[in-house]
Structures are given as structure tokens and as C-alpha cells.
Amino acid sequence: MKILIAEDDLIYAVQLEAMLSDLGYEIIGCVNTYQKAYDFLYASHVDLMLIDVVLMGSKNGLELADLVSSRNIPFILITAYDTPQIYEQVSKWNNVLYLVKPVHIHTLDSSIRILTKQSEIEPQFIRGTTRSEIISINEILYIEVDRNYTFVQTAKRRYAFKKSLSLIKQQLPLDRFLEIHRSFLVNKKFITKIDLEKSLVYVEGYMLPMSRRVKHDLIAKGIGKKF
């Protein structure tokens with residue numbers, strides 16, 4: 001399980017990392033602002049987040065929680081202040097637990113296990129035809145739009161949908177996908193290479209075009225260096 005921490009207190013962030021490591025979880029990053037968390041979510045697959053209510057910068061942890069919730073990522077909201085206002089805010093989200101500092105290692109572990117059980121049913125991509133074909137999201141390499149059709153490419157076959165990309169995106173956990181072009185949405189875990197010089201993204205043997213905007217975004221964030 002890949003966990004991202006959003007915490008403004010460096011000392012407490014280190015303590016959370018130590019607890020998660022002791023419990024055997026993989027920490028893929030630790031950020032202290034909304035924007036840094038957004039960049040991570042844009043470029044990487046995140047299974048679960050720990051979010052402090054207070055973050056550095058103009059946006060706080062509650063605003064980040066809104067973003068994370070919209071992407072169907074389970075998260076634990078951590079705060080030093082146990083107030084009715086925060087509890088009311090938490091009640092509107094799904095797949096969330098609320099912990100008050102200081103967090104005990106066993107409480108943290110139990111919370112992660114509870115959220116994992118809530119999210120363990122893998123979402124399915126359902127094709128709207130009489131045959132009602134079902135495609136596992138984990139098997140999708142990329143999605144391509146061509147005129148009036150949207151095509152879903154897996155390792156085994158290519159499916160055609162007469163639906164808009166925006167409609168299909170509503171059924172996807174968008175944290176797992178990267179929109180590299182207005183016509184292409186790729187599954188992050190199948191990206192094998194990003195060639196910024198040629199504006200290409202390689203996905204399991206497929207060579208796909210990258211838009212100028214996405215290329216500039218990746219260069220600005222230094223993301224292409226990871227591939």
C-alpha cells in the first residue's frame with residue numbers, strides 16, 4: 001500500500017513516517033502544502049493519505065481532503081483540535097477516518113486496516129451494451145477518444161464505447177490515471193517511459209502523444225526525470 005503524508009509539522013511528519021515504516025507500509029512522499037500534494041496525486045498512484053487539517057500555504061487540509069475525496073482515495077484526517085466544526089466537515093466525505101493528535105501507532109494501524117477493508121472492492125468499468133461486458137480498471141492500459149467513439153485498450157483487447165470521455169471518467173478513480181492529451185488518458189501503473197524531448201508517453205509497448213500543456217506541466221514539476 002502506497003501512502004502519502006500531508007503534514008506541516010516536520011517533527012510530527014517524521015514520527016508518522018516512522019510509525020508507518022514500523023507497521024510495514026510504503027511511504028511514497030511527505031508534503032506540507034496543498035499544491036505539493038496535488039502534484040503528487042497528479043503524477044503518482046496513491047492508495048491512502050494522511051492529511052493534517054493545518055498545512056502551509058493558502059489552502060488547508062480540509063480543502064485537500066475535498067480533492068482527495070473527489071478522487072475516491074481513502075484518507076485519515078489528523079488534527080490537534082477536536083471541534084464540532086471539523087467533525088461536521090468530515091461527515092460529508094466517504095472513506096475517511098478522523099484522528100486527534102497524538103496518534104498512537106496501534107490506532108493508526110487499525111484505522112488504515114478499516115479504510116482498506118472499506119475500499120477493497122475493486123471498482124469495475126462497465127460497458128454500456130447488451131452484452132454488459134465488464135473491464136477491470138486494473139487491466140486498462142489507456143483510453144483513447146476518436147471522433148464519436150471512446151476506445152479502452154487492455155493487454156488482451158480493445159473495446160469501443162459510444163460515450164464521451166467525460167462520462168467515462170466519472171466511473172474511474174482518476175488518481176490512477178494521467179490525462180496526457182485531450183484524446184488520451186493513461187493508467188499510471190503501466191507507463192514505462194516518458195520522453196519529454198519527443199513529447200511521447202510509452203505504455204506497455206504503445207507509443208502515445210503528449211500535449212504541449214502536459215509536457216510543460218511535467219517539465220515544471222520535474223516528473224519526467226522519474227521515468
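Contact map, region 165-190: first residue closer than 18 Å to Leu48 by Cβ and touching a residue at least 24 places away in the same chain (Cβ under 8 Å), second residue of a type in the set (A, V, I, L, M) and part of a loop (DSSP other than H, G, I, E, B), Cβ cut-off under 8 Å, separation 6 or more or different chains; pairs are Pro173/Ile73; Asp175/Val46; Asp175/Ile73. Of the residues Leu16, Leu64, Leu55, Leu20, the single one that is over 15 Å from the mean Cα position of the chain (by Cα), surrounded by 19 or more Cβ atoms within 10 Å (Cβ to Cβ), more than 15 Å from Val103 (Cβ to Cβ) and of a type outside the set (D, E, K, R) is Leu55. Among the aliphatic types (A, V, I, L, M), modelled with pLDDT of 95 or more and assigned to a strand (DSSP E or B): does that describe Ile5? For Ile5, the condition - among the aliphatic types (A, V, I, L, M), modelled with pLDDT of 95 or more and assigned to a strand (DSSP E or B) - is met. Of everything in region 169-219 that is more than 21 Å from Ala155 (Cβ to Cβ) and β-branched (Val, Ile, Thr), the residue that is surrounded by the most Cβ atoms within 10 Å (Cβ to Cβ) is Val214. Selection over region 173-188 of residues that are under 13 Å from the mean Cα position of the chain (by Cα) and outside any strand (DSSP E or B) gives a count of 5. Write out, first by first residue and then by second, each pair whose Cβ atoms fall under 7 Å of each other, whose residues are 6+ apart or on separate chains, and whose first residue, in region 127-148, is farther than 19 Å from Arg176 by Cα while the second is assigned to a strand (DSSP E or B) and at pLDDT 90 or above. Cβ pairs passing all conditions: none.
Count of region 189-216 residues, restricted to those that are assigned to a strand (DSSP E or B) and among the hydrophobic types (A, V, I, L, M, F, W, C), is 7. Scanning region 12-41 for residues that are more than 20 Å from Phe177 (Cα to Cα) and among the hydroxyl-bearing types (Ser, Thr, Tyr) yields Tyr12, Ser21, Tyr25, Thr33. Of the strands (runs of 3 or more DSSP E) that lie entirely inside region 33-126, those containing 2 or more residues that are touching a residue at least 24 places away in the same chain (Cβ under 8 Å) span 48-52, 75-79, 124-126. Across region 75-99, the number of residues qualifying as surrounded by 14 or more Cβ atoms within 10 Å (Cβ to Cβ) and either of a type in the set (A, V, I, L, M) or over 19 Å from Ala13 (Cα atoms) (or both) comes to 11.
The values are calculated or read from the model by the stated rules, or taken from the named source; none is laboratory data. Everything numeric here is computed off the predicted structure, so don't read it as measured data. Cβ coordinates were reconstructed from backbone atoms using ideal geometry, including for glycine residues, and neighbour counts include every protein chain displayed.
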